[in-house]
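Here's the structure we're looking at; comments come further down.
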């Protein structure tokens, strides 16, 4: 069996951070080590609420994983993306149906001026009984390291995601602070997944033809997204004033953002945040950009309707888009497939609203 120690040591190397003075977003850092006491949770909920009001993004530290455990996952990601194309083609996601698990190869979508995207992903579903068939068929490097990957993914869901969602329960003044967390149980059927992601480097001329935008502005479709620190600066977020700010890679941190599902469940009180991927600064444009991400989502049968929250009622957040529109309320599974199809086939840089589901539309955010 291939072990992580047999992977080339160069795969563990961290790339130097940019020396450019970019317009960085001023994000709040949440210290998850404070979660262990009622007073700590209350303070974290207060800090988290302030963070999401300003940006919808925040940093997370002291989440309980060592840098080696994180670097091991980056090593696996490098090995996955180094596979031959013919090998990758054995494990392709059926993008036209809204599927996204396993490989999505670069060039699937035109970004701008006829230039195709440079994005490659390998998505891994939950390790539970609903996905037994899914996990029988993976590239050898995934199968050989399944135990390491499974342990890592489960830890993120059970020890990071669950705690954050409890904090949202406190923010919303729910009688049972774990009410939202109970919608995210690991053994349930959910479209939640762990992702290895790679943006392939581009030349200066190509970047200019793309207006330096590798992935147009969008919101994520689940509850929360976790992005592990990687040093190539490229992520930008749109603040409440419509300004794009760079997200600085912070040591030993995870960058977290609020997504569509949580926004629907709270009638917009917890807003899904617009973000995009910009070409890296010039001193990093010679590097590919590797990412580790975890996309948290509730179980599939949960309806996207506003939860019963004293705070939401008091502040007037009582109906989300679907409840206002009156064309029916999709469940999480339906929503994920519909928006994923849109992601997979959306046209380049369109400004006209594109239908997603039940009257909901989106445009590309520039």
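Between residues in region 313-325 that are over 10 Å from residue 265 (Cα atoms) and residues that are surrounded by fewer than 13 Cβ atoms within 10 Å (Cβ to Cβ), which pairs lie under 8 Å by C-beta distance while being six or more apart or on different chains?
Cβ pairs passing all conditions: 322/328.
Tell me, please, whether a residue that is part of a strand (DSSP E or B), closer than 21 Å to residue 302 by Cβ and in contact (Cβ under 8 Å) with a residue 12 or more places away in the chain can be found in region 242-250.
No, region 242-250 has no match at all.
Residue pairs, Cβ under 7 Å, 6 or more apart or interchain, first in region 77-94 and on the phi < 0 side of the Ramachandran plot, second assigned to a helix (DSSP H, G or I). List them.
78/11; 79/11; 79/141; 80/141; 80/142
Any idea which residue in region 214-260 is surrounded by the fewest Cβ atoms within 10 Å (Cβ to Cβ), counting only those that are touching a helix residue (DSSP H, G or I) at 6+ places or on another chain (Cβ under 9 Å) and under 15 Å from residue 284 (Cα atoms)?
Among them, the one singled out is 231.
Could you please give the count of residues in region 25-39 that are assigned to a helix (DSSP H, G or I) and either touching a residue at least 12 places away in the same chain (Cβ under 8 Å) or surrounded by 11 or more Cβ atoms within 10 Å (Cβ to Cβ) (or both)?
4
Each reported figure results from applying straightforward, stated rules to the coordinates on display, with no laboratory input. Bear in mind the structure is a predicted one, so any value in this text is a computation, not a measurement. Virtual Cβ from ideal backbone geometry, glycine too; neighbours counted across all protein chains shown.
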